[in-house]
Amino acid sequence: MHWETAHEYEDIRYETSSGIAKITINRPEVRNAFRPKTVSELIDAFNRVRDDHEVGVVILTGEGDLAFCSGGDQRVRGHGGYVGDDEIPRLNVLDLQRQIRMLPKAVIAAVAGYAIGGGHVLHLVCDLTIAAENARFGQTGPRVGSFDAGYGTGILARTIGMKRAKEIWFLCRQYDAHEAYDMGLVNKVVPVDKLQEEAVLWAQEILEKSPMAIRFLKASFNVDTDGLAGLQQMAGDATMMFYMTEEAREGKNAFLEKRQPDFSKFPRLP
Ligand code: 2NE
């Protein structure tokens, strides 16, 4: 697989190859912890993914074998959020979580090493997770004076069940890749040196499928959890499809031609 750099960033790498985008958190010196800039770059890269017709699947991963992501960079945690060069405290990773959920393309987390704290929530909001044998999962919030009680708890409980989700948050233990697999937290466990290859294989299998079907399925999995925002995503997808029909075009053309629309030829199916 030959990855081409699609855009240059400081804290992440954004590469593409044959319909797949690979986004790598590149701060191995802090186990790929994110600072506000890291998250801003991730948001920018995911926006590019959304607009890129060529890309159908994203692999989100961390640089090196030691960590996928260790959550928010505690060195820049200030009063009210994580503080960047602009000195504004932010929790912009929450925006990124929503963006990953709303992206109308599949996102696969490829996890080697630690997926901890906010890094654990990041893999959780991805559609699928491939774990390396050395992967370790867990939340640390109550130990380090933090919590993510949005997707961090809600999606976790929906993924592995309420009791296990509460255990993870209340005890702050770590779980290895096989325990995570048994809980339904990850889709597959592979040797560390096979992780990226396996993620690409899964991405390629998804790429062979109908993009529209994947888009609607992803939206449907999120629609109840995301409430009206989830419904908006799904309804927007339906509008997009409707715009592609002759029936919708008749409405637009009639308006532009200053005539009554004629919808009589369009069937009212059961
Ligand atoms: C990730 C973990 C378990 C790794 O342990 P280990 O033993 O493999 O490495 P070590 O020595 O702890 O870490 C290596 C270097 O990375 C830094 C460390 O301080 C250390 O630096 P040096 O001593 O070499 O200078 N490092 C690791 N994680 C960091 C982090 N998150 N921020 C800044 N520096 C970090 C172990 O390192 C660990 O437990 N890390 C902390 C995990 C954590 O508590 N994350 C924050 C959770 S809160 C959160 O993410 C969050 C939220 O709850 C709500 C909203 C947004 C974010």
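The values are calculated or read from the model by the stated rules, or taken from the named source; none is laboratory data. Just so it is clear, the structure is predicted and the values come from calculations on it, not from any experiment. Virtual Cβ from ideal backbone geometry, glycine too; neighbours counted across all protein chains shown. Ligands, DNA and RNA are excluded from the accessible area calculation, which covers all protein heavy atoms including side chains. Shrake-Rupley method; radii C 1.70, N 1.55, O 1.52, S 1.80 Å.
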I'd like the full set of residues that are within 17 Å of Val39 (Cα to Cα), part of a loop (DSSP other than H, G, I, E, B) and open to solvent by 10 Å² or more (accessible area, probe 1.4 Å), limited to the range 4-27. Glu8, Tyr9, Glu10, Asn26, Arg27
Determine if the range 173-183 includes at least one residue that is within 14 Å of the ligand (Cβ to nearest atom) and among the acidic types (Asp, Glu). yes
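Looking only at the range 117-131, filter to residues that are under 15 Å from Gly184 (Cα atoms) and within 11 Å of the ligand (Cβ to nearest atom); which one of those is surrounded by the fewest Cβ atoms within 10 Å (Cβ to Cβ)? Before you say what the answer is, go through the steps one by one.
In the first step, residues of the range 117-131 are kept if they are under 15 Å from Gly184 (Cα atoms); the result is 120-121, 123-131.
Pick out the ones that are also within 11 Å of the ligand (Cβ to nearest atom) and you get 120-121.
Details: His120: 29, Val121: 25.
Of everything passing the filter in the range 117-131, Val121 is surrounded by the fewest Cβ atoms within 10 Å (Cβ to Cβ).
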Please determine, by comparing only the residues of the range 132-186 that are over 13 Å from Val111 (Cβ atoms) and of a type in the set (Lys, Arg), which one is most open to solvent (accessible area, probe 1.4 Å). Lys163
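Give me the helices (runs of 4 or more DSSP H) completely within the range 152-270, filtered to those with at least 1 residues that are at pLDDT 95 or above and of a type in the set (Asp, Glu), ordered by residue number.
Output list reads 162-171, 177-183, 195-207, 227-243, 246-256.
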Quick check, is Arg35 within 14 Å of the chain's Cα centre (by Cα), touching a residue at least 40 places away in the same chain (Cβ under 8 Å) and over 26 Å from Asp193 (Cβ atoms)? no
Those residues of the range 30-50 which are more than 16 Å from the ligand (Cβ to nearest atom) and not charged (D, E, K, R) amount to Ala45, Phe46, Asn47, Val49
Which of (1) assigned to a helix (DSSP H, G or I); (2) farther than 25 Å from Ser17 by Cβ does Ala149 not meet, given it meets every other one? (1)
How do the pairs read when you match residues in the range 82-103 that are within 11 Å of the ligand (Cβ to nearest atom) with residues anywhere that are in a loop (DSSP other than H, G, I, E, B) and open to solvent by less than 60 Å² (accessible area, probe 1.4 Å), using Cβ under 8 Å and keeping only pairs 6 or more apart or on different chains? Tyr82/Asp73; Tyr82/Asn92; Arg90/Gly84; Leu94/Asp148; Leu94/Gly150; Gln97/Gly150
What residue, among those in the range 35-72 that are open to solvent by less than 10 Å² (accessible area, probe 1.4 Å) and part of a loop (DSSP other than H, G, I, E, B), is farthest from Arg136 (Cα to Cα)? Val55
Which residue pairs have Cβ atoms under 6 Å apart, sit 6 or more places apart or on different chains, and have a first residue in the range 168-196 that is under 16 Å from Ala157 (Cβ atoms) and a second that is polar (S, T, N, Q) and crowded, with 20+ Cβ neighbours inside 10 Å? Ile168/Gln139; Trp169/Gln139
